[in-house]
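A short worksheet on the structure shown next.
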Amino acid sequence: MMSFPARPTLEQVARAAGVSKATASKVLNHRPGVSSGTRRRVEEAIGRVAYVPSTGPRKANALKEVHVVFNTVVNMYVMQVLEGVLQAASGRGVEVLVDSLALEPGASGGPLSEEWIRHLASRRRTGVILVTAELTAQQRSLLKELGIALVVVDPIDPLDQEIPSVGATNFTGGVQATSHLLNLGHRRIGFAGGPRLSTASSERLQGFLSALRASGITADPALIIESRFTFSAGLEMGIQLLSAPEPPTAVFAGSDRSAMGVVEAARRRGLRVPQDLSVVGFDDTYTAMPVAPALTTIRQPIPEMGRVALRTLLQLDRGERPDSPHVLLSTQLVERESTAAPPSPN
């Protein structure tokens, strides 16, 4: 029987270059995070051992599929991020696939599971945009090991310099919202925030506290509540704030949805917005305008966050390093009808 020489393996390339298999894979797939000297050694080793990938040579522009993973898809913030991703993908030959962690929480083979990540790697043309969802150390390590490009939008937890992220100037937005209420004359201002472990919510709270300190006001702990970025959570926080012995005359909510919950809490207590209670939201989603009264809010450029995330992912696929690992887009106060001067004391 005629025998044929064994096909050279990636392990042989790694040994010849004196690097790990993971590093050799990065070079082969045109991923960042490898020095120019190391990249050159691996490329020379590929030539020496005559290594050819089983699926043919990989090209830097091979990315054809992008998986966008959301915590949930049932809110306008998510839809606007996705709008930006789709806009940036248009005309670039990129197919966008959407996954939600809320659909199959913890399911075997579900989004971000080891099986799911390895399946993406086997396709060899996939990158991931993760939106307001947590990423475990194990998931980060596996994505990195398999050379899957990753960009995070509005990260829940702090990320290292190796994982690019896109967000907004949440601290500045917190200052802008609180300063607006202070300038109207409010002195007892409540904060109805998001999850305590959320980086974005924490930064908005710190901006709120900073603006109060700058005006010589000591924050009342009873007026600071952290829960979730949902209407129901906003309603619960609003009821709690307005039930305080000395209720606030204004509330800064961590999202538009929670702000609308606060407005509903005021309505249930027979209070008018903004005559009796001023409310400021955060996001400026499509739902901020149609409500009555139209919501004063902090605008973060949500579609642009999606566009920047997709462009950054394509940069990574080409083996390029982003100009900045963490991009923060500017926020802006949008004044509408839900804020006014505090009511005159009786």
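Taking the numbered list (1) small (Gly, Ala, Ser); (2) in contact (Cβ under 8 Å) with a residue 12 or more places away in the chain; (3) open to solvent by 10 Å² or more (accessible area, probe 1.4 Å) in turn, Ser113 passes all entries but (2).
For every residue, the table says whether it meets (1) under 22 Å from Val334 (Cα atoms); (2) open to solvent by 60 Å² or more (accessible area, probe 1.4 Å); (3) in a loop (DSSP other than H, G, I, E, B); (4) not aliphatic (A, V, I, L, M).
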site	(1), (2), (3), (4)
Val128	no, no, no, no
Leu135	no, no, yes, no
Phe171	yes, yes, no, yes
Gly174	yes, no, no, yes
Thr178	yes, no, no, yes
Asn183	yes, yes, no, yes
Ala192	yes, no, no, no
Ser201	yes, no, no, yes
Gln206	yes, yes, no, yes
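Residue-wise test of (1) open to solvent by 60 Å² or more (accessible area, probe 1.4 Å); (2) under 18 Å from Thr126 (Cβ atoms); (3) at pLDDT 85 or above; (4) part of a loop (DSSP other than H, G, I, E, B).
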residue	(1), (2), (3), (4)
Arg48	yes, no, no, no
Ser54	yes, yes, no, yes
Val66	no, yes, yes, no
Val74	yes, no, no, yes
Met79	yes, no, yes, no
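Here Gly234 qualifies as closer than 20 Å to Thr285 by Cα, in a helix (DSSP H, G or I) and at pLDDT 95 or above. Considering the conditions (1) free of Cβ contacts under 8 Å to residues at least 60 places away in the same chain; (2) open to solvent by less than 50 Å² (accessible area, probe 1.4 Å), Asp323 is excluded by exactly one of them, (2). Residues being buried (at least 22 other Cβ atoms within 10 Å of the Cβ) and not in a helix (DSSP H, G or I) are represented in region 218-231 by at least one member.
When Thr297, Thr249, Thr312, Thr339 are screened for being polar (S, T, N, Q), buried (at least 17 other Cβ atoms within 10 Å of the Cβ), at pLDDT below 95 and touching a strand residue (DSSP E or B) at 6+ places or on another chain (Cβ under 8 Å), only Thr312 passes.
The values are calculated or read from the model by the stated rules, or taken from the named source; none is laboratory data. Note that the structure is predicted; figures quoted are calculated from it, not measured. Because the Cβ atoms are built from the backbone with ideal geometry, glycine has one as well, and the counts that use them run over all protein chains shown. Heavy atoms of the whole protein, side chains included, go into the accessibility calculation; ligands, DNA and RNA do not. Shrake-Rupley method; radii C 1.70, N 1.55, O 1.52, S 1.80 Å.
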